[in-house]
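All remarks here apply to the structure that follows.
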Amino acid sequence: MRESDWSSDVCSSDLFPSHDTVGIEYALGSMYVQSWRYQSPTGFDPAYVDLNCVDGFQLLNLASITSVTGGSAGQTTAQRITSLLDQGDWPGGMRDISTTATTTVQADTGTSRTVLAACQTVEGTELGAFFMNQNGAATFYSRNDIITLSGGTATTFSDTGAGGTVKYQSVSFDLSDFGLINQCSVTRTGGTAQTDSDATSIATFFPHSRTRTSIAETDADALSQAQMIIASRKEVGNDLRMESLTIDAADGSDTARVTAALDLDIFSPITVIQTLEGGTVTSNTVVTGVAYDISPNTFFTTFTTAQPFASGFLLDSSVDGVLNEDSLAY
């Protein structure tokens, strides 16, 4: 395993950190250099440069729009994301847009806002995900994409590295009501508030309410969103939940650990086994964020985890295909 390779195009101020292991090169991110800060000590010491970088979200946040060409009523959320990126002159070759979105949106209002803000409004309407992937592509997942990805084959981690598992460096857990929702109201523009709640959860944990807005075309879609949020978050306070998992990827002797540290992505499912005095604790969760901490001699990958709003019954899944436990999606 080699140390990370850094390549940069100074003219365009693009930066592409990558890592090569077992003959495969993994992109770790694609960023844009905002500033270069040089430090030149006296004597024969080497000079240093600090690069302050941002991803494509910063560019979309700097692009203001009003009207959106093609932003008519009846577009799917994926089609509206495409129209917004077109309006912001985002390169067509740097996109990964869902093909499974079914929720349709209202005609664009023509108000002044940034491209990023407009895309995030669509993201919330879909209960999907909009982000920049490691290659710098503007990526949009529908809720069906998220359900399919999170219900796939999980990578199993353990604190022992027993057969068939990947050894982790550390984990953190949370037992709180953070993320618990048992009352939810969703109001689309021009519509009436659509509300769902769970009486059992309210009686157990007291009310935990959320209010959301949407640009969906119908109140039925707003109601379905409220129901999905309640289904996925009404029992969050019941269990010890894993918040993050860290892997030491510097030791190339365990290729499975290095591969997991580099290959897992947002919405990858993972299973984590922790050994305690009273037995083992198994957590099934989903990666929702990836961070790298790299120095010349160390390489740590930290996965933040959570239960996505978008969840549903998935056939043949041992986690999301349990009768009388997992709910159908819309």
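For the residues L116, L51, L60, a GNM of the chain with alpha-carbon springs under 10 Å puts the largest fluctuation on L51. A dipole drawn for region 183-237 from +1 and -1 charges on Cβ atoms has a positive end, and of G190, A203, A226 the residue lying farthest that way is A203. For region 32-39, putting each phi into the Karplus relation 6.51 cos²θ - 1.76 cosθ + 1.60 with θ = phi - 60° gives couplings of 10, 6, 8, 7, 10, 10, 8, 10 Hz, in residue order, rounded to whole numbers and with x for Gly and Pro.
First check a/c for the chain, with a ≥ b ≥ c the square roots of the eigenvalues of its C-alpha gyration tensor; if it is under 1.5, answer rounded, and if not, answer prolate when a/b is larger than b/c or oblate otherwise. Verdict is oblate for the chain. Measuring gaps between exposed loop sites in the chain (GluC sites (Glu not before Pro); DSSP loop; at most 10 other Cβ atoms within 10 Å), the longest gap, sites not included, is 1-276.
For region 209-224, putting each phi into the Karplus relation 6.51 cos²θ - 1.76 cosθ + 1.60 with θ = phi - 60° gives couplings of 9, 9, 10, 10, 10, 7, 10, 4, 6, 10, 5, 4, 5, 4, 5, 4 Hz, in residue order, rounded to whole numbers and with x for Gly and Pro. Would you work out if region 183-237 is rounded, prolate or oblate? Take a ≥ b ≥ c from the square roots of the eigenvalues of the alpha-carbon gyration tensor; rounded if a/c is under 1.5, else prolate when a/b is larger than b/c, oblate otherwise. Taking the square roots of the gyration eigenvalues as a ≥ b ≥ c, region 183-237 is prolate.
Springs join every pair of Cα atoms under 10 Å in this Gaussian network model of the chain, and among T187, T271, T160 the largest mean-square fluctuation is at T160. Residue farthest toward the positive end of the dipole of region 19-170, with Cβ of Lys/Arg at +1 and Asp/Glu at -1: which of T103, L85, S170? Among T103, L85, S170, the one farthest towards the positive end of the dipole of region 19-170 is T103. Less than 5 angstrom separates the built amide H of A63 from those of V115, L116, all sequence-distant by 5 or more or on a different chain. Here the spin labels are modelled as points 7 Å beyond Cα on the Cα-Cβ line, and at V54 and T204 they lie 4.3 nm apart.
Give me the dipole magnitude in Debye, nearest 20, for the chain about the Cα centre, with unit charges on the beta carbon: positive for Lys and Arg, negative for Asp and Glu.
On the way: 14 positive and 38 negative charges, 153 e Å.
So the magnitude is around 740 debye.
3J(HN,Hα) along region 66-80: 10, 6, 10, 4, x, x, 8, 4, x, 5, 6, 4, 5, 5, 5 Hz, from the Karplus curve 6.51 cos²θ - 1.76 cosθ + 1.60 with θ = phi - 60°, whole Hz, x for Gly and Pro.
Ranking I24, V54, V258 by Cα position along the charge dipole of the chain, where only Lys, Arg, Asp and Glu carry charges on their C-beta atoms, puts V54 farthest toward the positive end.
Structure remark: mean-square fluctuation, Gaussian network model of the chain, C-alpha springs under 10 Å; the largest value among L276, L59, L245 belongs to L276. Here's how it looks for R210: its modeled amide H is under 5 Å from those of Q183, C184, S185, which are all 5 or more places away or on a different chain.
Enumerate the residues in region 120-162 having an amide nitrogen under 20 Å from the point lying 7 Å beyond the Cα of I24 toward its Cβ. From region 120-162, the list is 133-137, 149-158.
Between T192 and Y292, what FRET efficiency comes out of the Förster formula 1/(1 + (r/R0)^6) with R0 = 56 Å and r the beta carbon distance, rounded to 0.05? So the FRET efficiency works out to roughly 0.75. Its DSSP H runs of at least 4 residues, each contributing -39,500 (n - 2.57), put the calculated 222 nm mean residue ellipticity of the chain at -6000 deg cm²/dmol, to the nearest 500. Between the beta carbons of Q169 and D45, assuming R0 = 30 Å, the FRET efficiency works out to 0.35 to the nearest 0.05.
Amide H contacts of A306: V286, T288, each under 5 Å away and 5 or more positions distant or on a separate chain (H built 1.01 Å from N in the peptide plane; Pro and chain starts excluded).
Taking 0.36 nm per residue of separation and subtracting the Cα-Cα distance, what length does fully extending T282 through M94 add? Present the calculation step by step, with values, prior to reporting the outcome.
On the way: separation 188, 0.36 × 188 = 67.68 nm, distance 3.82 nm.
Here the segment from T282 to M94 would lengthen by 63.9 nm.
All of the numbers you see were taken from the coordinates with simple rules; none came from a lab. Please read all numbers here as calculations on a predicted model, not as lab measurements. Because the Cβ atoms are built from the backbone with ideal geometry, glycine has one as well, and the counts that use them run over all protein chains shown.
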